[in-house]
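First comes the structure, then the notes that go with it.
No value in this document is a laboratory result; all are computed from the given coordinates. Keep in mind that what you see is a predicted model, and the values were worked out from it rather than measured. FYI the Cβ positions are ideal-geometry reconstructions off the backbone, even for glycines, and counts take in every protein chain you see.
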Amino acid sequence: MKKLTAIVMAATLLISASSAFAIGAIAVDDQVGDTDPGFGVATGYDNESEAKGAAMKFCREQGNKCEVVGWFKTCGAYVSSKSDSGYGFGATKETAIAKAKDTCGSAKCKVIVAECE
């Protein structure tokens with residue numbers, strides 16, 4: 001019984017360790033003047049390339065001029081207005097949103113997407 005318990009504990013640690021390093025990405029089709037840009041978010045991927053590819057795939061379901069705006073290990077956010085946009089990342093959604101708004105350059109920027117791993 002002790003051996004089975006040790007195996008279950010080891011498997012649990014491996015699963016939680018791999019999810020701690022999961023990566024996400026955000027891709028956006030945001031043409032100047034769009035009020036509702038298309039976007040794709042991917043989370044839970046093993047590496048940056050896979051996350052970016054999945055985000056692009058999801059974005060292309062909504063638009064054809066998608067670009068990856070960023071990737072993250074914890075939380076990411078994208079904000080935009082009719083003429084400006086910004087991306088941020090951080091330990092929480094609030095931090096990611098605040099950083100995105102800081103890089104946007106306009107007080108009119110609204111949150112388009114904010115997601116955490």
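For the reader, a short list of remarks on this structure follows.
- Cα-based shape type of region 22-116, given that a ≥ b ≥ c are square roots of the gyration tensor eigenvalues and the cut on a/c is 1.5: oblate
- Out-of-range pairs (alpha-carbon distance over 22 Å; input LYS73/LYS108; LYS65/LYS93; LYS52/LYS73; LYS52/LYS82; LYS57/LYS82): LYS73/LYS108; LYS65/LYS93; LYS52/LYS82; LYS57/LYS82
- Loop-located trypsin sites (Lys or Arg not before Pro) in region 45-117 whose Cβ has at most 16 other Cβ within 10 Å (DSSP): LYS65, LYS73, LYS82, LYS108
- Rounded if a/c under 1.5, otherwise prolate or oblate - region 53-92, Cα gyration tensor axes: oblate
- Within region 37-62, backbone nitrogen closer than 15 Å to the virtual label 7 Å beyond the Cα of ALA22 toward Cβ: 41-48, 50-52, 54-55
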